[in-house]
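Take a look at the structure below.
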Amino acid sequence: MVANHLTVADIVVACALVLPFQTALDAGFRKAMPNVSNWMDRVIKLPEVVARLGNVKFAAKVIKAQVVAKKEEVKVAAKKDKAEGHDDDEEKPAKKEVDPLDVLPPSKFDLYNFKTFFVNSKDRRGEGMKAFFEQYDKEGYCIYFVNYTMYEGEGVVTYQTANLLNGFL
């Protein structure tokens, strides 16, 4: 605090330290760092801060992570399996991830061959589009027509237009 006035820097640092002071920075830390603790205590007791953050209570002890309990549960479950005669070497059937596209009916439209033909075609608007509409499968695919109206000043800077198009696609 500068001359006992709250600054933006005080607010930012105090907000960043609220969670550590509530969970990890216990009484031992606060005793070792009295200036930081006193400053934090003064900041969080200001009426403006209490109105936004509420009453902040410092941690008496460091809060332990819950990961240790999960590891013990896994070890206990493994011991039970071995005691029941289950071997870890037995292969369990792997669950296959179901692709939602596999549920769709097969399409007659061979997209790879069409793209190859279209890219190598000299007359893309003529014979390329004619081949597309002959091979197009209405049940398996859909077509969208997008008409984009350019406003004045758009498309002047090439890289910005390319970024906008990539984001759209």
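The values are calculated or read from the model by the stated rules, or taken from the named source; none is laboratory data. What you see is a predicted model, and the numbers here were worked out from it, not measured in a lab. Cβ: placed from backbone, ideal geometry, glycine included. Neighbour counts: every protein chain shown.
So if I check each of Lys95, Lys31, Lys115, Lys45, which one is closer than 30 Å to Met129 by Cα, at pLDDT 70 or above and of a type in the set (Lys, Arg)?
After ruling out the rest, the residue left standing is Lys115.
Name the single residue that is farthest from Leu101 (Cα to Cα) among those in the stretch 122-155 being touching a helix residue (DSSP H, G or I) at 6+ places or on another chain (Cβ under 8 Å) and modelled with pLDDT of 90 or more.
Gly128
Suppose we filter the stretch 137-167 for residues that are free of Cβ contacts under 8 Å to residues at least 24 places away in the same chain and either small (Gly, Ala, Ser) or over 30 Å from Pro106 (Cβ atoms) (or both); how many remain?
The qualifying residues number 21.
If you go through the stretch 102-130 one residue at a time, how many are part of a helix (DSSP H, G or I) and loosely packed, with under 10 Cβ neighbours inside 10 Å?
6
Give me the residue from the stretch 131-144 that is surrounded by 13 or more Cβ atoms within 10 Å (Cβ to Cβ) and part of a loop (DSSP other than H, G, I, E, B) and, out of that set, nearest to the chain's Cα centre (by Cα).
Gly140
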